[in-house]
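Heads up: the structure comes next, in structure tokens.
The values are calculated or read from the model by the stated rules, or taken from the named source; none is laboratory data. All values reported here derive from a predicted model rather than from experimental measurement. Every residue, glycine among them, receives a Cβ derived from its backbone with ideal geometry; neighbour counts consider all protein chains shown. The accessibility values were calculated without ligands, DNA or RNA, using every heavy atom of the protein model including side chains. Shrake-Rupley method; radii C 1.70, N 1.55, O 1.52, S 1.80 Å.
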Amino acid sequence: AVQAVAKTLFADLIDDRARLAAAWSWSQREIENGPAENANHAILRKKGNRFLAAIALVRAAGLDVAPMACQPERSDLGDGDYETFATGDSHTLPGALVMLANGERVHMFLDAPRHWPLGAIPAGRAGTNAFVVRESGLEIVPLPQSQDASQQVVVRGKATIVDNNVRMQATIEVGDVQGYGLAERIRELKEDVRKLAARQIAQQMLTGWRVQ
């Protein structure tokens with residue numbers, strides 16, 4: 001299944017960055033959440049682990065892929081037990097590092113929410129070190145900041161005074177993995193309850209306002 005999809009997906013793509021992007025985009029678009037034993041099963045059923053499917057397609061494209069282990073988040077965002085030296089005990093999250101021909105390094109993570117930008121590093125994970133497994137041994141790779149992972153909430157809109165009330169029309173943008181995770185959970189709901197779920201989220205963010 002992997003080779004069949006790869007043959008079609010990469011047929012007209014020569015550039016390795018384009019092949020990597022195509023593998024990631026296809027996996028995010030086509031694979032629904034669900035159990036799967038391996039990448040072949042996920043691709044055949046179009047349900048399972050998108051990370052495994054993407055990695056299998058990237059390998060089929062002939063790109064340099066190395067397994068990686070990293071921390072879910074920085075120590076200062078956790079329980080307060082700060083580690084002076086990195087140890088394997090805290091690096092429990094699987095990932096992969098893809099090396100492109102031009103020297104670009106692209107990081108991929110098992111826990112990436114659906115439609116997460118390729119190569120983006122969650123804000124809470126930036127600044128940590130990851131262990132990359134090479135044939136020659138372990139390589140410690142610092143995870144840089146990512147412009148695609150801004151940990152912020154942006155509210156845009158306008159307020160109108162009507163009698164003694166203030167009416168506000170607003171769009172709320174939630175960044176980083178939290179925003180992508182919320183979007184995925186809402187997409188998984190039935191259409192008739194999506195608006196209710198969105199209204200409940202907005203109500204939590206706009207405390208004291210009546211949300212319609």
Where a Cα-Cα gap under 29 Å defines reach, which lysines qualify for Lys158, not counting those fewer than 8 residues away within the same chain?
Lys195
Highest-MSF residue in the chain out of Gln169, Gln28, Gln145 [GNM, Cα springs under 10 Å]
Gln169
For a quick check, take a GNM of the chain with Cα springs below 10 Å and name the residue from Met68, Met168, Met99 with the largest mean-square fluctuation.
Met168
Per residue, how much accessible area does the chain have with a 1.4 Å probe, in Å²?
61
Checking understanding here: applying a Kyte-Doolittle mean of at least 1.0 and a length along the axis of at least 18 Å (C-alpha), which whole DSSP H helices in the chain pass?
none
For Lys158, Lys190, write out the residues from largest to smallest accessible area, computed with a 1.4 angstrom probe and no ligands counted.
Lys190, Lys158
Taking the chain as a Gaussian network, Cα atoms linked when under 10 Å apart, which of Val166, Val193, Val106 shows the biggest mean-square fluctuation?
Val166
Roughly how far apart, in whole Å, are the Cα centres of region 157-204 and region 10-30?
33
Cut-off under 5 Å, modelled amide H: who pairs with Ala123 long-range:
Val177
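What FRET efficiency, computed as 1/(1 + (r/R0)^6) with R0 = 30 Å and r the Cβ-Cβ distance, is obtained for Ile140 and His115, rounded to the nearest 0.05?
It comes to 0.50.
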Quick one: what Rg and Dmax do you get for the chain from the alpha carbons, in Å?
20.4, 73
For Arg45 and Leu189, what does the FRET efficiency come to when R0 = 35 Å and r is the distance between their Cβ atoms, rounded to the nearest 0.05?
0.95
Figure the gain on full extension for Ile161 and Arg29 (residue separation times 0.36 nm, minus the Cα-Cα span) and round it to one decimal in nm.
43.2 nm
Surface share of carbon and sulfur [accessible, 1.4 angstrom probe, percent] for the chain
50
Placing +1 on the Cβ of each Lys and Arg and -1 on the Cβ of each Asp and Glu in the chain, which of Leu118, Val65, Ser25 has its Cα farthest towards the positive end of the resulting dipole?
Ser25
Can you compute the FRET efficiency between Ala18 and Ala66 using 1/(1 + (r/R0)^6), with r the Cβ-Cβ distance and R0 = 25 Å? Round to the nearest 0.05.
0.75
